[in-house]
Amino acid sequence: MKYGTFASGYLIQDGKALLVHHNKMDKWVPPGGHLEENELPADAAVREFFEETGIEVEVIPAYPSAFAGDSNSTPIPLPFHMDIEVEGFDSPRIGHFFYVKPVNGIEAMKHQETELFGIDWFGKDDLPSLQTFDQVRSVAAFAIDNYPKV
């Protein structure tokens, strides 16, 4: 089976996750999208987050690297969650989910109108009734509970 790949970022502030209302799926999801050719998952999460929200972010690695790197091997940021998703895609997609933090604040926040209906913050109490996937409810709650202290 052939798999596509995508990456998303979870930004958490004041106990709330920033989500976007995707117009194709008509669901609230974390900002993210498909990897471009030769693009690393963390780089795609940063690029897509900016394109969809106007917020410049950087990835927060979920775990320390087991190896610092050398001329043969370079560690890359590790996501805090990965899965395979099928709904809303023409073929299964491997998703990489990263914690992200703003580089210069969130004042420039504005949703990408060509792909999204809106953008908003949601706390754990909002998730059970949110128009989204069960996976987003669970991963968003996990991200809220485990977001690194930055």
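The values are calculated or read from the model by the stated rules, or taken from the named source; none is laboratory data. Bear in mind that the values here come from a model prediction, so they are computed numbers and not experimental data. Cβ coordinates were reconstructed from backbone atoms using ideal geometry, including for glycine residues, and neighbour counts include every protein chain displayed. For the accessible areas, the whole protein counts, side chains as well, though only heavy atoms, and no ligand, DNA or RNA atoms are used. Shrake-Rupley method; radii C 1.70, N 1.55, O 1.52, S 1.80 Å.
Odds and ends about this structure:
- Being within 14 Å of Lys101 (Cβ to Cβ) and either of a type in the set (Gly, Ala, Ser) or surrounded by fewer than 16 Cβ atoms within 10 Å (Cβ to Cβ) (or both) is a property that holds for Ala62.
- Test: residue in the stretch 111-133 that is exposed (fewer than 12 other Cβ atoms within 10 Å of the Cβ) and in contact with a strand residue (DSSP E or B) (Cβ under 9 Å, 6 or more places away or on another chain): yes
- Filter result for Asp70 (more than 14 Å from Ser8 (Cβ to Cβ), surrounded by fewer than 13 Cβ atoms within 10 Å (Cβ to Cβ) and in contact (Cβ under 8 Å) with a residue 40 or more places away in the chain): no
- Phe89 meets the conditions (1) touching a helix residue (DSSP H, G or I) at 6+ places or on another chain (Cβ under 8 Å); (2) closer than 16 Å to Val136 by Cα; (3) in contact (Cβ under 8 Å) with a residue 40 or more places away in the chain in every case but one. The failed one is (1).
- Sub-7 Å Cβ pairs linking a first residue in the stretch 108-121 that is under 10 Å from His22 (Cβ atoms) to a second residue that is open to solvent by 70 Å² or more (accessible area, probe 1.4 Å) and part of a loop (DSSP other than H, G, I, E, B), at least 6 apart or interchain, number zero.
- Some residue of the stretch 74-92 being open to solvent by 30 Å² or more (accessible area, probe 1.4 Å) and aromatic (Phe, Trp, Tyr): yes
- In the stretch 1-56, the qualifying residues are those that are open to solvent by 10 Å² or more (accessible area, probe 1.4 Å), under 17 Å from Lys110 (Cβ atoms) and of a type in the set (S, T, N, Q), and the one that is farthest from the chain's Cα centre (by Cα) is Asn23.
- Being modelled with pLDDT under 95 and within 16 Å of Leu11 (Cα to Cα) is a condition met by no residue of the stretch 116-131.
- Some residue of the stretch 134-150 being without any contact (Cβ under 8 Å) to a residue 40 or more places away in the chain and outside any helix (DSSP H, G or I): yes
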